[in-house]
Amino acid sequence: MRVVVCTIVHHPADARIYHRQIRALLDAGHAVDYLAPVNSTDFLSERPTPALRITSIPRASGRRRLGALLAARRQLTVHAADADLVLLHDPELLLALPRIRRPATVWDVHEDTAAALSTKAWLPRALRPPTAMAVHAAERIAERRMHLILAEHGYVSRFRQPHPVVPNTTYVPEVPAPPGADRRVVYVGHLSPDRGVAELAEVAALLGPHGISVHLIGPADARARALIEACGPALRWHGFVPNDEAMRLLDGALAGLSLLRDEPNFRHSLPTKVVEYMAHGVPVVTTPLPAAADLAQRHDCGFVVPFRDPHAAAAAVLRLDADPALRLAMGQRGHAAARESLGWPADAKDFVAQLQAWAQCG
């Protein structure tokens, strides 16, 4: 099976797209044409081969999207001609599908797109309600014209028809490093105001005098970057790091932070970072978003702190720092839970099998 995978919004080394789904397809013996905003393949763990062909297309950013959409349509027209299936990762790409007869087409729904509009600074507030209505209409049309997979069980109710869920699970190491050896706290993921970057900066300021550093691993938008750059040495920003390398930086951390705010787009989602912290035996400190709080409390693998309360988050970290037995026990419980039900390899098999079934049906 040859699969065309396309994104114009996500980083080409996005963990869900590249490190999990594309790797699962290649491991199963399939071929992938990857269309993405690739500037260099240095960060990709797989070099272009006959099984993995990489084509660079422009990135869609802010209001500058038309050029990327047109380029994506041109490349999709070329690559879909000899493909068995097309896998799209951005709602924008619904507008870029080639008009020619195409193979089975799948949209991977990563987020609640309409709810996420409230956090898009580039979209004027007056345009957000009509744009959300247009998104809902596009979702209705899409589920009639193509296959959908959903990243969260919480997205099921948005659609009229049933669609398979491919959750954001992760690779779980057999034996994680014990947490807290180097008194380092970690955040993994995109950085923006709605994801709590101001709270992360304040936590760093509170923990610095105690000799505890905060490491941020992930790309930052302009507003987040301004806050980060104003912080002192207690806050270290690594920028974008490929997922496998980011997980190595996570190993042995004192705690993993997830201080996302109470935004509509987050209420029905499980932050992947929480799953990754658990998988690597790192205690979780999370705000009370339902899915994240449920994992932390049900498995007793971390602390739930109020929204926009960096003092509570810092206090949780200091408690872990002062009690090695507590942080080790929490890390072990989180790792055990991840091994039992949050490992990607089992979901990878279901993901590949579903794409194979759709490709065979045409």
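The values are calculated or read from the model by the stated rules, or taken from the named source; none is laboratory data. Computed from a predicted structure; not experimentally measured. Here the Cβ is made from the backbone with ideal geometry for all residues, glycine too, and neighbour counts use every protein chain on show. Calculation scope for accessible area: heavy atoms of the full protein, side chains included, ligands and nucleic acids excluded. Shrake-Rupley method; radii C 1.70, N 1.55, O 1.52, S 1.80 Å.
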Checklist entry - Mind checking which residues of segment 314-359 are more than 26 Å from the chain's Cα centre (by Cα), under 15 Å from LEU207 (Cβ atoms) and in contact (Cβ under 8 Å) with a residue 60 or more places away in the chain? => result LEU318, LEU320, ASP321
Checklist entry - What number of residues within segment 177-197 satisfy the criterion of being of a type in the set (Ser, Thr, Tyr) and closer than 14 Å to GLY256 by Cβ? => result 1
Checklist outcome for this item: In segment 261-291, residues that are open to solvent by 10 Å² or more (accessible area, probe 1.4 Å), under 26 Å from PRO173 (Cα atoms), touching a Ser or Thr at 6+ places or on another chain (Cβ under 8 Å) and not charged (D, E, K, R) total 3
Checklist entry - Could you list, in sequence order, the residues of segment 194-224 that are in contact (Cβ under 8 Å) with a residue 24 or more places away in the chain, open to solvent by 30 Å² or more (accessible area, probe 1.4 Å) and closer than 24 Å to PRO271 by Cα? => result ARG195, ALA198, GLU202, SER213, PRO219, ASP221, ARG223
Checklist entry - Which ones in segment 152-162 are open to solvent by 30 Å² or more (accessible area, probe 1.4 Å) and without any contact (Cβ under 8 Å) to a residue 40 or more places away in the chain? => result HIS153, VAL156, SER157, ARG160, GLN161, PRO162
Checklist entry - Within segment 1-47, restricting attention to residues that are more than 24 Å from LEU342 (Cα to Cα) and among the acidic types (Asp, Glu), which residue is modelled with the highest pLDDT? => result ASP33
Item to check | Matching residues in segment 244-259 - criterion: being in contact with a His (Cβ under 6 Å, 6 or more places away or on another chain) and either open to solvent by 20 Å² or more (accessible area, probe 1.4 Å) or part of a loop (DSSP other than H, G, I, E, B) (or both) | outcome: ASP251
Item to check | Subset of segment 141-151 [open to solvent by 20 Å² or more (accessible area, probe 1.4 Å) and within 24 Å of LEU270 (Cα to Cα)] | outcome: HIS147
Checklist entry - Which of the residues spanning segment 163-189 are hydrophobic (A, V, I, L, M, F, W, C) and crowded, with 21+ Cβ neighbours inside 10 Å? => result VAL166, VAL172, VAL185, VAL186, VAL188
Next on the checklist: Under 6 Å between Cβ atoms, which residue pairs at least 6 apart in sequence (or on different chains) link something in segment 289-313 that is under 19 Å from VAL185 (Cβ atoms) and among the β-branched types (Val, Ile, Thr) with a partner that is open to solvent by 20 Å² or more (accessible area, probe 1.4 Å) and part of a helix (DSSP H, G or I)?
Outcome noted: VAL305/ALA312
Next on the checklist: I'm trying to understand the selection: among the residues of segment 265-287, which are in contact with a Phe, Trp or Tyr (Cβ under 7 Å, 6 or more places away or on another chain) and farther than 20 Å from PRO178 by Cα?
Outcome noted: HIS268, THR287
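Identify, from the list VAL109, VAL185, VAL165, the residue that is under 19 Å from PRO264 (Cβ atoms), of a type in the set (A, V, I, L, M, F, W, C), at pLDDT 90 or above and out of contact with any Lys or Arg (no Cβ under 8 Å at 6 or more places or on another chain).
VAL109
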